[in-house]
Amino acid sequence: MNILILSGRIGQEPDVKQIGAGQVVTFSIAETIFHKGEKGTAWHDCEAWGKAGEMLAKYAQKGSGITIQGSLKYDEWEKDGQKRKRAKVNVYAVEITSNWKGDGSRKGDNYQAPAEDSGSDGLPF
C-alpha cells in the first residue's frame, strides 16, 4: 500500500500547466522535521490533477498551510549518461488550512477525490 499524508507549507506559488483538456498543478511542501533533537526542513515535490489541482490553483499560494493525501511515485530519466531518479507525491486529496488567496475568510475547506479519481487503489481519500 502506498499512502502518504503530509502537512506543511507551500514553498512557492503553485505552477498550473494545461495538459490536453486537463491541468496539472505542481508545487512543493516544506515539512518541519525533528531528528536527534535537531529541527530541520524536508521538501516534497508534489503534483495534483483533477479537482484537487483545481482547488490548489484557485485557493493556494506560497506560504499556505496545507495537508495532503497522496501516493509516492518516481520519475526516472537519463542526463549526460547518468540515470536520475526523483520521488514525487501524486496528490489526490488536499486541505488548505491557512493563507487562502483572496480575502482570507475561507478556512479549512478541502477536497477529497471520489474513488474513481484517486487512481491506483480505489481508496476514497
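What follows draws every value from the coordinates through simple rules; no lab data is involved. Worth saying up front: this structure is predicted, and the values here are computed from it rather than measured. Don't worry about glycine lacking a Cβ; one is built from the backbone with ideal geometry, like all the others, and counts go over all protein chains shown.
Pull out all pairs, ordered by first then second residue, where Cβ-Cβ is under 6 Å, the residues are six or more apart or on different chains, the first lies in the stretch 14-41 and is under 19 Å from Val89 (Cβ atoms), and the second is part of a strand (DSSP E or B) and basic (Lys, Arg). Hits for this filter: Val24/Lys17; Ala30/Arg9. Put simply, of Ala48, Ala52 the only residue that is small (Gly, Ala, Ser), touching a helix residue (DSSP H, G or I) at 6+ places or on another chain (Cβ under 9 Å), assigned to a helix (DSSP H, G or I) and surrounded by 12 or more Cβ atoms within 10 Å (Cβ to Cβ) is Ala52.
Within the stretch 57-77, one or more residues are over 14 Å from Asn90 (Cβ atoms), surrounded by 12 or more Cβ atoms within 10 Å (Cβ to Cβ) and basic (Lys, Arg).
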